[in-house]
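Trainee: This structure is in structure tokens; I'll ask about it shortly.
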Amino acid sequence: MMKAKQHFLERNLLKIQLNEFLANELTRAGYAGVELVKTPLGTRIIIKAARPGLVIGKHGKTVRDLTQKIEELFHIENPQIEVDEITEPELNAKVMAQRLASALQRGVHFRRAGYTVLRRIMNAGARGAEITISGKLTSQRARYQKFRAGVLIKAGDPVNHFVDVGKATVLLKPGMLGITVKIMLPEAPLPDEMKISDIDTSEIIEESGELEETETDAGEKSIAEKDVTHQEETSKNN
């Protein structure tokens, strides 16, 4: 039992260390995460990035150098790197946190950078988003600034499935700034959401036509019965 626990702890620690290493190496590539898959031939390292061309490099030079560094630093036997492209980087919290950090490092004002990233996230179709920048923003006293838009759930099990969270840090002259980006994905269901389904109107028209015919037949039958009753009463009186 202890060996199994130690195995999982070592594997998770390796993933954390590898994630930090790749985040520093692939900042410009829009790095968004890594997955480790053990195979009989070695270890598959699946790197998620918004710009896979920068991960692979010219003629595959960057990915070969990266493979060699990972093998030497982390002692992973026969690492095989695969690159998974992110189709919608604006809906990935880690990518947007890195973009915001890059904008702050270039000297863009934190409010302008925050609202720009928030607008891009919402234009991509997100249900809601929240960006938090904390640190020495305007003075020597640390504080935080939040940028919100749309709807964002913060409690319950749906948070684990429909809210993507990404974090980044950036070192400026006043000090270190922390960035947290939360995105509520477009497929997230809301409890008060109503869906209006399309109805086949041809069936309604046919049913209404049959109903009108039935009512007409019933009316004609009632009139005929009244006429017969009236004739019988007239004949009796005569």
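Trainee: Which whole-Hz ³J(HN,Hα) couplings does the range 56-67 yield from phi under the Karplus relation 6.51 cos²θ - 1.76 cosθ + 1.60, θ = phi - 60°, glycine and proline marked x?
Mentor: 6, x, 6, 6, x, 5, 5, 6, 5, 5, 5, 4
Trainee: For the range 90-184, report the translational diffusion coefficient in µm²/s to the nearest whole number, using Stokes-Einstein at 20 °C, 1.002 mPa s, and a Kirkwood Rh over Cα pairs.
Mentor: 161
Trainee: Counting pairs of Cα atoms in the range 2-87, how many percent are more than 17 Å apart?
Mentor: Summing the P(r) of the range 2-87 above 17 Å gives 47 percent of all pairs.
Trainee: Straight distance only, please: which lysines reach the Cα of Lys38 with their own Cα at less than 21 Å, same-chain residues fewer than 8 apart left out?
Mentor: Filter leaves Lys3, Lys5, Lys15, Lys48, Lys69.
Trainee: Report the extension gain between Ser134 and Arg112 in nm, rounded to one decimal, defined as 0.36 nm multiplied by the number of residues separating them, less their alpha carbon distance.
Mentor: Length gained, Ser134 through Arg112: 6.4 nm.
Trainee: Same structure again: Compute the distance in nm between two label points, each set 7 Å from the Cα along the Cα-to-Cβ direction, one at Asn123 and one at Glu88.
Mentor: So the label points at Asn123 and Glu88 sit 1.6 nm apart.
Trainee: List, in order, the whole-Hz ³J(HN,Hα) value for each residue of the range 33-44 obtained from phi through the Karplus relation with A = 6.51, B = -1.76, C = 1.60 and θ = phi - 60°; use x for Gly and Pro.
Mentor: x, 9, 10, 10, 10, 7, 10, x, 8, x, 10, 7
Trainee: Just to confirm a number: summing +1 for Lys and Arg and -1 for Asp and Glu over residues other than Glu85 whose beta-carbon lies under 12 angstrom from that of Glu85, what do you get?
Mentor: Net charge around Glu85: -1.
Trainee: In whole Hz, what ³J(HN,Hα) sequence does the range 110-123 give by Karplus (6.51, -1.76, 1.60; θ = phi - 60°), x for Gly and Pro?
Mentor: Working through the residues one at a time gives 5, 5, 5, 5, x, 5, 5, 5, 4, 5, 5, 5, 5, 5 Hz.
Trainee: Also, I was wondering about something else. Considering the alpha-carbon set of the range 15-148 alone, what are its Rg and its Dmax in angstrom?
Mentor: 17.3, 55
Trainee: Which trypsin sites (Lys or Arg not before Pro) in the range 1-94 sit in a loop by DSSP (not H, G, I, E or B) and have at most 14 other Cβ atoms within 10 Å of their own Cβ?
Mentor: Passing sites in the range 1-94 are Arg28.
Read-outs throughout are calculated quantities, based only on the coordinates presented, and are distinct from any laboratory measurement. Note that the structure is predicted; figures quoted are calculated from it, not measured. We place every Cβ from the backbone using ideal geometry, glycine too, and count neighbours over all the protein chains shown.
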